[in-house]
1. Report, by residue number, each residue of segment 121-151 that is in a loop (DSSP other than H, G, I, E, B), in contact with a Cys (Cβ under 9 Å, 6 or more places away or on another chain) and among the hydrophobic types (A, V, I, L, M, F, W, C).
2. Please pick out the residue among PHE369, PHE447, PHE393 that is aromatic (Phe, Trp, Tyr) and farther than 24 Å from ILE294 by Cα.
3. Would you point out the residue of segment 414-435, among those that are under 20 Å from the mean Cα position of the chain (by Cα) and not in a strand (DSSP E or B), that is surrounded by the fewest Cβ atoms within 10 Å (Cβ to Cβ)?
4. Looking only at segment 1-23, count every residue that is part of a strand (DSSP E or B) and not aromatic (Phe, Trp, Tyr) and tell me the total.
5. Only one of (1) under 22 Å from the mean Cα position of the chain (by Cα); (2) at pLDDT 95 or above is not met by GLY335, so which one is it?
6. If MET288 satisfies all but one of (1) in a strand (DSSP E or B); (2) assigned by TED's automatic domain parsing to the domain that holds VAL364; (3) surrounded by fewer than 24 Cβ atoms within 10 Å (Cβ to Cβ), what's the number of the condition it fails?
7. Checking CYS274 against (1) under 26 Å from TRP462 (Cα atoms); (2) under 22 Å from the mean Cα position of the chain (by Cα); (3) in contact (Cβ under 8 Å) with a residue 24 or more places away in the chain, which single condition isn't satisfied?
8. Of (1) crowded, with 18+ Cβ neighbours inside 10 Å; (2) closer than 27 Å to GLY357 by Cβ; (3) not β-branched (Val, Ile, Thr), ASP43 satisfies all except one. Which?
Amino acid sequence: MLDKRKFYINGQWVSPAKENDLDVINPSTEEVCAVISLGSQADTDAAVKAAKDAFIPWSERSAEERIGYIEKLAEVYKARSAEMGEAISMEMGAPISLAQTAQSGSGYAHIKNFIRAFKSFEFDRELGAHAPNDQILYEPVGVCGLITPWNWPMNQVTLKAVPAMAVGCTVVLKPSEIAPLSSLLFAEFVDEAGIPAGVFNLVNGDGMGVGSQLSGHKDVDMISFTGSTRAGIAISKNAADTVKRVALELGGKGANVVFADADEKAVKRGIIQCMNNTGQSCNAPTRMLVERSIYDKAVETAAEVAAGVAVGPSAEEGRHIGPVVSEAQFNKIQGLIEKGISEGARVVAGGLGRPEGLEKGYFVRPTVFADVNNEMTIAREEIFGPVLAMIPFDTEEEAVEIANDTVYGLTNYIQTTDLDKARRVARRLRSGMVEMNGQMRGAGAPFGGYKQSGNGREGGVWGLEDFLEVKSVSGWSNN
């Protein structure tokens, strides 16, 4: 068992102000794999003070000097990426093959993408030819509290910490207490890269403790949060008294609109995307809307593909899916599957209970519901597990109406070989992202949503701008 009780504050590994241990559970085995400490107000205050003291000297360094540190961080991350994959696999249950590639790899990719975006970013620019004496300056927000989730830990930590530090902010990170080991390892990377003391700080804790302390702290200028919509609402309310900037990346209930003229692999692709990372992705296509003329065939295909999705322990190599992250998450998913059955949806694959041969660990059967309507609980709530709801539609207009009939608006998907139709529907879908015909969005594309999926955008130029203030200055030139 790993002892990870210390926090990273002001460039040092320090013991918590008072003992408050929490076990980290390996979801494949249900056994304790590490112990951490949950921070107190004193720990939060110490980390915020370190970040506040470091802000002015860090923000006044040249852009070239700051990005040099980020480039060193990228080198360290790449050299130790295998360690990162192992930590993620153990703490949140991603199969080791996925953890070593997509999970760990996403962090390194984001660092490299931010370096590229940073080097072409204009921090000082003219307002325009009509106002030659006016200058627009982009300046760091200040001390940033970063609160990150367990499902894609390095994806989210690097999407926040790296652009914030690059543009001149200082940060206090509170990772998920369920999966904190990868973030503690990231703090080691920061330390090895030589990033100055106080620029990056880490305090473990839960949402009610350190999370609330950060979002309400008078010396924190911005909160960037990824997690549930419920928690995002609470953070926004707590942050309101100090009028700090709040950037939120929240839940989703993505619609995958499959038209009759979709390519032959569209349904299979949708199942695999839904089940990836054991369904624990906010941008997963968890509602499959299928044109009625191909609906029965699509249901048959979906059932076959889901039945072929292997499930197994995270330590094993392979293309299987792992467990969900915790007992609480397992119980929530089981309850929602039961709800789907009771409300009249038809189970065509999976269902209640663990997969055969897996009596221990938080394993969920890959499940597909057919004959769902958009009023059912499983069509409206974010399940965050390997569960798909299939809904028939008759017209393009109806498909758009169903897709948009949700409080969420993160990612939607379109499958059709008619490009004009794809573009037309993409414009009408109320979501921050749309992926068409299996084409993934490019490196540095903005990630974020509409409605209760949050605000702000992460990644690339948009991710840099999230951590910048805009200053307008007159009389800049002698013209």
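The values are calculated or read from the model by the stated rules, or taken from the named source; none is laboratory data. If you're wondering where the values come from, they're calculated on a predicted model, not measured in any experiment. Every residue, glycine among them, receives a Cβ derived from its backbone with ideal geometry; neighbour counts consider all protein chains shown.
1. Within segment 121-151, the subset in a loop (DSSP other than H, G, I, E, B) is 121-123, 127-134, 141-142, 148-151.
If we keep only those that are in contact with a Cys (Cβ under 9 Å, 6 or more places away or on another chain) as well, we get 141-142, 149, 151.
VAL141 - this is the single residue of segment 121-151 that is in a loop (DSSP other than H, G, I, E, B), in contact with a Cys (Cβ under 9 Å, 6 or more places away or on another chain) and among the hydrophobic types (A, V, I, L, M, F, W, C).
2. Details: PHE369 fails: farther than 24 Å from ILE294 by Cα; PHE393 fails: farther than 24 Å from ILE294 by Cα.
Of PHE369, PHE447, PHE393, the one residue that is aromatic (Phe, Trp, Tyr) and farther than 24 Å from ILE294 by Cα is PHE447.
3. Taking segment 414-435 as the starting set, the residues that turn out to be under 20 Å from the mean Cα position of the chain (by Cα) are 430-435.
Subsequent filtering for residues that are not in a strand (DSSP E or B) retains 430-432.
Working: ARG430: 16, SER431: 24, GLY432: 23.
If we take residues in segment 414-435 being under 20 Å from the mean Cα position of the chain (by Cα) and not in a strand (DSSP E or B), then ARG430 is surrounded by the fewest Cβ atoms within 10 Å (Cβ to Cβ).
4. First, pick out the residues of segment 1-23 that are part of a strand (DSSP E or B): 2-4, 7-9, 12-14, 21-23.
Going one step further and asking which of them are not aromatic (Phe, Trp, Tyr), we end up with 2-4, 9, 12, 14, 21-23.
So the answer is 9.
5. (1)
6. Checking MET288 against (1) in a strand (DSSP E or B); (2) assigned by TED's automatic domain parsing to the domain that holds VAL364; (3) surrounded by fewer than 24 Cβ atoms within 10 Å (Cβ to Cβ), the one that fails is (3).
7. The failed condition is (1).
8. (2)
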